[in-house]
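Just below is one structure, and these are the notes that go with it.
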Amino acid sequence: MAQKVRKSFLIFAVGVIILILSLTVVKPTFEKVLRLSSRNKADKEKLAQLKDKVEKLEAIDKDEIKRRVKLVEEIFPSEKPVLNLVNSLEQLSAEEEVVFGGITLEPGEIKEDLKSGQRREFPISFNIEGKLEKISSFVNSLEKAPPLMKIEEMNLTIKNKGGEGKSQTSELLTSKLGVRVYYQAPPETIGAVDQPLPLLTKEELAILKRLDSYRLFTKVEPTAPTGKENLFSLP
């Protein structure tokens, strides 16, 4: 009887020891293995994403990307485009054979602290003078000239009527236009390295295709620092 009790006690003691070992050694080890397995799976997925991103980046035409970035910056600039706006208007008016003048700008501060992705705008008004067909051609071309603009107001007045025997196409007209100019601050970051590569949507590709139809002009680079609040103060 004593031997049987002793045997039962030994079995119970062994069970307790196994339970203690399971709680103190086996269970933590098992949990650690599970964590490592889960982390290994996540690392494999991240590695696969990075490989896919690298392959897509290597397949990109770098020259085409540079061209697109330059095109977007010229048409939808990241800074207030006062100088190049006036330059575009002057060159476009010369090409369309109309007289450009009477410009009124309300750009505010030239240099601004823009938030990432913040779109801004400012109004401009000016006069053009010429024959009706020339003014019509200028107006049609204006919204496809950089920077991004939208005509909001247009008035036409006859400056001098064609004389007797002359057609109406020889009449000179003056047109006053009110235009809104747009620009936008670029994003501060292009995202983390391990994020999937964002691809252009069909709508975005269509917009880029439309940008190729814009008439680009020789840009004017300032020869002196700009953005100074008091133009008459000493440097």
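A short reminder: the numbers here are calculations on the coordinates, not readings from a lab. This one's a predicted model, so the numbers in the text were calculated from it and none came from an experiment. All Cβ positions, even for glycine, are placed from backbone atoms using ideal geometry, and neighbour counts span all protein chains on display.
Sort the following peptides by mean Cβ neighbour count (other Cβ atoms within 10 Å, averaged over residues), highest first: 181-190, 195-204, 142-151. Please report the intermediate quantities before stating the final value.
Working: 181-190: 14.3, 195-204: 9.6, 142-151: 17.7.
In descending order of packing, they fall as 142-151, 181-190, 195-204.
Show which aspartates and glutamates lie in cross-link reach of LYS159 when reach means a straight Cα distance below 19 angstrom and same-chain residues fewer than eight apart are skipped.
By straight Cα distance, LYS159 reaches GLU96, GLU97, GLU129, GLU133, GLU171.
Could you order the peptides 64-73, 130-139 from most to least packed, using the average number of other C-beta atoms within 10 Å per residue?
130-139, 64-73
Could you sort 42-49, 88-95 so that the peptide with the highest average Cβ count within 10 Å comes first and the rest follow in order?
Ranked by mean Cβ neighbours within 10 Å, highest first: 88-95, 42-49.
Return the subset of LYS80/LYS115; LYS56/LYS144; LYS70/LYS209 for which the Cα-Cα distance in this structure is over 21 Å, preserving the input order.
Correct reply: LYS56/LYS144.
Can you give the FRET efficiency to the nearest 0.05 for GLU45 and VAL69, using r as the Cβ-Cβ distance and R₀ = 30 Å?
Approximately 0.45, to the nearest 0.05.
Once the mean 1/r over all distinct Cα pairs of the range 33-87 is inverted, what Kirkwood radius in angstroms do you read off?
Evaluated on the range 33-87, it is 15.0 Å.
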